[in-house]
Amino acid sequence: MSSINPGFPTARPRRLRQTEVLRRLVRETNLSPADFIYPMFITHGQNVRREISSMPGVHQLSVDQLAGEAAELLELGIPAVMLFGLPAHKDPIGEENFADDGIVQQAIRAFRDAAGSGLAIMTDVCMCEYTDHGHCGIVENGQILNDPSIEILGRVAVSHAVAGADVVAPSAMMDGQVAAIRQALDAAGFANTPIMGYSAKFASGFYGPFREAADSPPQFGDRSSYQMDPANRREAMLEIELDLQEGADMMMVKPALPYLDIIREARDRFPDVPLAAYNVSGEYSMLKAAARLGWLDEKRTALESLTAIKRAGASLILTYWAKDAARWLAE
Ligand code: PBG
């Protein structure tokens with residue numbers, strides 16, 4: 001106890017909680033639309049707006065829908081999107097992932113046309129949405145190979161940069177993926193394209209609804225041979241440190257709510273690096289489902305969750321609530 005404070009009854013913390021204006025004055029964490037990155041699922045076709053059944057309010061969108069989306073995001077003050085693509089065809093290495101006219105490459109151009117430099121266009125660099133086996137790397141005899149996979153991830157990142165991506169974000173959890181992407185970008189003339197590492201990405205059951213949204217479930221086994229064991233805190237710090245050594249400009253912890261301790265530790269251990277947290281699909285679906293049943297107040301619990309993620313130390317939050325939360329904050 002601090003010596004300037006003699007305790008009760010002189011000390012009464014409730015004094016500063018009596019009115020909203022006082023509470024606002026002493027609030028330590030303020031959420032803003034500028035904190036949000038909005039994840040989006042882009043699909044082939046025309047006029048497609050297909051709602052994900054387990055994620056009410058989130059849609060697979062065709063490229064023609066993106067001009068409208070860009071206008072809405074700009075209006076709401078949301079600075080960035082994270083793009084995921086659903087390819088027309090899947091194959092063992094995911095050819096469309098690095099094709100000039102691939103779905104994400106088309107989406108990047110559409111966003112650039114619609115938003116100019118007003119939105120940071122970030123892209124997820126992974127393989128699971130594009131491969132027929134649904135794993136995040138190349139598969140041989142049931143094993144997920146590391147080094148051939150990072151070579152492909154480098155090609156994907158370059159093709160996103162060529163299309164105009166502002167930031168590439170590798171999420172495959174292959175060792176050395178950040179180094180391989182940095183080298184490939186530099187060699188292709190993109191030394192100024194930043195990398196956001198999905199550095200501490202855990203093998204989580206909370207990705208369930210995303211696999212419906214991105215049509216990316218593994219066709220055999222699971223992702224535990226590359227994503228992290230949820231039990232490991234020290235190893236998360238090692239993963240982040242390695243990403244930074246390999247040239248990552250930003251780091252990420254994913255999922256967010258069950259991993260607030262990891263977010264806090266990353267913030268304290270690496271104070272100079274922007275830290276993102278991914279409030280993942282299952283975190284969204286849980287509250288949506290409970291709200292539908294009338295068991296929880298969605299607005300209140302969503303804003304509380306996002307505030308907690310920021311309080312834990314994240315300066316950027318990837319969230320499916322980005323648009324709703326920006327509206328709620330403006331009320
Ligand atoms: C992999 C990737 C996943 C998510 C983001 N990038 C899924 C996975 O690793 O299985 C999950 C995001 C979410 O659940 O919202 N490309």
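The values are calculated or read from the model by the stated rules, or taken from the named source; none is laboratory data. The structure displayed is predicted, hence computed values, not measured ones. Every residue, glycine as well, gets a Cβ built from its backbone with ideal geometry; the counts of neighbours run over all protein chains shown. Just the protein is used for accessible areas: all its heavy atoms, side chains included, with ligands, DNA and RNA removed. Shrake-Rupley method; radii C 1.70, N 1.55, O 1.52, S 1.80 Å.
Hey, can you tell me all the residues within region 129-153 that are hydrophobic (A, V, I, L, M, F, W, C) and either in contact with a Phe, Trp or Tyr (Cβ under 9 Å, 6 or more places away or on another chain) or buried (at least 22 other Cβ atoms within 10 Å of the Cβ) (or both)? Cys136, Ile138, Val139, Ile144, Ile150, Ile152, Leu153 - these are the residues of region 129-153 that are hydrophobic (A, V, I, L, M, F, W, C) and either in contact with a Phe, Trp or Tyr (Cβ under 9 Å, 6 or more places away or on another chain) or buried (at least 22 other Cβ atoms within 10 Å of the Cβ) (or both). Among the residues in region 115-122, are any within 16 Å of the ligand (Cβ to nearest atom), over 20 Å from the mean Cα position of the chain (by Cα) and either open to solvent by 10 Å² or more (accessible area, probe 1.4 Å) or within 26 Å of Val48 (Cα to Cα) (or both)? The answer is no, given that none of the residues of region 115-122 is within 16 Å of the ligand (Cβ to nearest atom), over 20 Å from the mean Cα position of the chain (by Cα) and either open to solvent by 10 Å² or more (accessible area, probe 1.4 Å) or within 26 Å of Val48 (Cα to Cα) (or both). Restricting the first member to region 304-331 and to residues that are more than 20 Å from Val58 (Cβ to Cβ), and the second to residues that are in a strand (DSSP E or B) and within 16 Å of the ligand (Cβ to nearest atom), the beta-carbon pairs closer than 8 Å and six or more apart or on different chains are Lys310/Ile317; Ala312/Ala277; Ala314/Val253; Ala314/Ala276; Ala314/Ala277; Ser315/Ala276.
Please specify each residue of region 301-325 satisfying the condition of being in a helix (DSSP H, G or I), touching a helix residue (DSSP H, G or I) at 6+ places or on another chain (Cβ under 9 Å) and open to solvent by 30 Å² or more (accessible area, probe 1.4 Å). The answer is Leu303, Lys310, Arg311, Asp324.
Kindly indicate whether Gly282 is more than 23 Å from Arg234 (Cβ to Cβ) and open to solvent by 20 Å² or more (accessible area, probe 1.4 Å). Reasoning before the result, please.
On the way: more than 23 Å from Arg234 (Cβ to Cβ): yes; open to solvent by 20 Å² or more (accessible area, probe 1.4 Å): no.
No; evaluated as a whole, the condition is false for this residue.
Of all the numbered requirements in (1) among the basic types (Lys, Arg); (2) surrounded by fewer than 22 Cβ atoms within 10 Å (Cβ to Cβ); (3) within 13 Å of the ligand (Cβ to nearest atom), Arg234 misses one, and that requirement is (3). No other residue among Glu28, Glu20 is farther than 30 Å from Gln106 by Cα, in contact (Cβ under 8 Å) with a residue 24 or more places away in the chain and open to solvent by 40 Å² or more (accessible area, probe 1.4 Å) apart from Glu28.
The set of residues from region 177-217 being open to solvent by less than 10 Å² (accessible area, probe 1.4 Å), more than 10 Å from the ligand (Cβ to nearest atom) and under 23 Å from Leu61 (Cβ atoms) comprises just one member, Met196.
Grab the strands (runs of 3 or more DSSP E) fully contained in region 171-290, keeping just those with 2 or more residues being free of Cβ contacts under 8 Å to residues at least 60 places away in the same chain, of a type in the set (A, V, I, L, M) and under 24 Å from Asp324 (Cα atoms). Spell out how you get there, then give the answer.
Details: elements: 196-201, 250-254, 275-279.
Qualifying strands (runs of 3 or more DSSP E): 275-279.
Within region 72-93, restricting attention to residues that are outside any strand (DSSP E or B) and either open to solvent by less than 30 Å² (accessible area, probe 1.4 Å) or of a type in the set (A, V, I, L, M, F, W, C) (or both), the residue that is farthest from Asp124 (Cα to Cα) is Leu76. Note on region 134-167: residues that are outside any helix (DSSP H, G or I) and within 13 Å of the ligand (Cβ to nearest atom) amount to 5. Between Ala256, Ala266, Ala276, which is more than 14 Å from the ligand (Cβ to nearest atom) and out of contact with any His (no Cβ under 8 Å at 6 or more places or on another chain)? None of the other options fit; the residue is Ala266. Could you check, for region 250-262, whether at least one of its residues is closer than 24 Å to Asp124 by Cα, surrounded by fewer than 21 Cβ atoms within 10 Å (Cβ to Cβ) and not aliphatic (A, V, I, L, M)? Among the residues of region 250-262, at least one is closer than 24 Å to Asp124 by Cα, surrounded by fewer than 21 Cβ atoms within 10 Å (Cβ to Cβ) and not aliphatic (A, V, I, L, M), which makes the answer yes.
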